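Enquirer: Sharing a structure with you now.
Computed from the coordinates by the stated procedures, all read-outs in this text should not be read as laboratory data. What you see is a predicted model; the values in this text were computed from it and never measured. Methodologically, a virtual Cβ is constructed for each residue, glycine included, from the backbone with ideal geometry; neighbour enumeration extends over all protein chains shown.
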Amino acid sequence: MHNALIDLERYPIDRPDSLRYQQVLRETREALHARGCAVLSGFLTPQGIAELVAEADGVADKGHRSFGHTNPYFSEDDPTLPPEHPVRRFFPRSNAFVAADHFPTSGPLRRIHDHSGFDAFIQSALEQTAFYRYADPLADVIVNVAEEGNGFPWHFDTNNFTVTLAIQNSEAGGSFEYAPDIRRGGEHFDEVQRVLDDTSDRVHRLDLQPGDLQLFKGRYSLHRVAPLRGKTRRYVAIFSYVEEPDMVGSPERTRQLYGRVLPIHLERAGLRADNYLD
Ligand SMILES: [Fe+2]
């Protein structure tokens, strides 16, 4: 059946035997090897973008906001280090995530996620042997909602890879900036500090457009989303995959990100749900 959301002519994810599939796969892997970042621009059709924007508009007010300050390592401050050291550089972080249970299987986001060949293409592009959808009913696919002044400060990811789909941009700002492999073979705090001070020549800048699918390996590459400007909200969908089956988030982390937990989070953490819910 024709799926009008994904541009299957350009990205025939459901036809792994086609020449075009093999070409896209090769280019995606090459980009990941070279820079830890691959962008499938125009992955969605204009109709796909329009349907996702409408879906996100309908649930944007369900986003749970979290605020905080973070250094690039999501670690604690270390007062024994000099104040300019990267470990001591804390930046404000403000974000809202719309949890996965706001997206029905009949809606465009899950029709894309569930499209034949979607998971398999991503697994193959990332060359992952162990690859499972996150089994968390609040977090397998979510939408990040960001407004003027928001962004995401410089950091290294704690997960191996991230899969995102750009849905809507703000008027200005919001560039994805990254310093590939800056942490390879050691922390290289001096290099990291230059990035934070905006004096590094190792930073690449990407202006992702609505409909672009991005695969990114962020464990060794310092990266950020520059602050947004303008009234329009920025929407990005995030697809979560993990290396073990049946994984869900911890109750602490889930409450922090989504403002609530489900019985499954408590059960998996070895806590009886009814101890907490009534
Ligand atoms: Fe990240």
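Enquirer: About the Cα centre, and with charges only on the beta carbon of Lys, Arg (+1) and Asp, Glu (-1), how big is the dipole of region 1-156? Nearest 20 debye, please. List each step's numbers first, then the result.
Expert: Values: 14 positive and 22 negative charges, 55 e Å.
Charge dipole of region 1-156: 260 debye, to the nearest 20.
Enquirer: Could you list which residues have their amide H under 5 Å from that of HIS204, counting only those 5 or more apart in sequence or on another chain, with H placed in the peptide plane?
Expert: So HIS204 has HN proximity to TYR178, ALA179.
Enquirer: Next question. log10 I(q)/I(0), Debye, Cα-only region 148-278, no solvent, q = 0.10, 0.14, 0.15, 0.22 Å⁻¹?
Expert: With no solvent term, the Cα-only Debye profile gives -0.45, -0.80, -0.88, -1.26.
Enquirer: Sticking with this one: Can you compute the charge dipole magnitude of region 209-258 about its Cα centre, using +1 on each Lys and Arg Cβ and -1 on each Asp and Glu Cβ, nothing else charged? Give it in debye, rounded to the nearest 20. Intermediate results must be reported in sequence, preceding the final value.
Expert: Numbers: 9 positive and 5 negative charges, 111 e Å.
I would put it at about 540 debye.
Enquirer: Considering the options ASN159, ILE49, GLN22, tell which one lies farthest towards the positive end of the dipole of the chain, charges being +1 on Lys and Arg and -1 on Asp and Glu at the Cβ, about the Cα centre.
Expert: Of ASN159, ILE49, GLN22, it is ILE49.
Enquirer: For PHE91, what residues show an amide H to amide H distance below 5 Å, using hydrogens built from the backbone and excluding near sequence neighbours?
Expert: The answer is THR70, ASN71.
Enquirer: How much length would be gained if the chain were fully extended between GLU243 and THR70, taking 0.36 nm per residue of separation minus their Cα-Cα distance, in nm to one decimal? Kindly include the intermediate steps, with their values, before the conclusion.
Expert: Working: separation 173, 0.36 × 173 = 62.28 nm, distance 2.60 nm.
Between GLU243 and THR70, full extension yields 59.7 nm more.
Enquirer: Moving on to the next point. If all Cα-Cα distances of region 44-104 are sorted into 5 Å bins from 0 onward, what percent lands in each bin, rounded to whole numbers?
Expert: With 5 Å bins starting at 0, P(r) equals 4, 15, 15, 13, 11, 10, 11, 9, 7, 4, 1.
Enquirer: Something else about it: Can you give the relative contact order of region 135-278 as a percent, counting alpha carbon pairs under 8 Å and 6+ residues apart? Don't jump to the answer; show the numbers that get you there.
Expert: Values: 266 pairs, mean separation 57.1, N = 144.
Relative contact order here is 40 percent.
Enquirer: I've got another one for you. If the only charges are +1 at each Lys and Arg Cβ and -1 at each Asp and Glu Cβ, what is the size of the charge dipole of region 166-278 around the Cα centre, to the nearest 20 debye?
Expert: Details: 17 positive and 18 negative charges, 66 e Å.
Magnitude of the dipole: close to 320 debye.
Enquirer: In nm, to one decimal, how far is the modelled label at THR158 from the one at HIS188, with both set 7 Å along Cα→Cβ?
Expert: With each label placed 7 Å out from Cα toward Cβ, I get 2.4 nm.
Enquirer: Could you give me D for the chain, from Stokes-Einstein at 4 °C and 1.567 mPa s, where the hydrodynamic radius is the Kirkwood radius over C-alpha pairs? Units µm² s⁻¹, please. Provide the component values of the computation, followed by the final result.
Expert: Values: Rh = 19.8 Å.
Approximately 65 µm²/s, per Stokes-Einstein.
Enquirer: On full extension of the chain, what length is gained from ALA4 through ARG26, given 0.36 nm per residue of separation minus the C-alpha to C-alpha distance? It would help to have the intermediate numbers written out before the result.
Expert: On the way: separation 22, 0.36 × 22 = 7.92 nm, distance 2.46 nm.
Stretched out fully, the ALA4 to ARG26 stretch lengthens by 5.5 nm.
Enquirer: Moving on to the next point. Could you give me the ³J(HN,Hα) list for region 170-178, computed from phi with Karplus coefficients 6.51, -1.76, 1.60 and θ = phi - 60°, whole Hz, x at Gly and Pro?
Expert: 3J(HN,Hα) across region 170-178, in whole Hz: 6, 4, 8, x, x, 4, 8, 10, 8.
Enquirer: Report, in whole Å, the centroid distance computed from the Cα atoms of region 169-224 and region 63-121.
Expert: 15 Å
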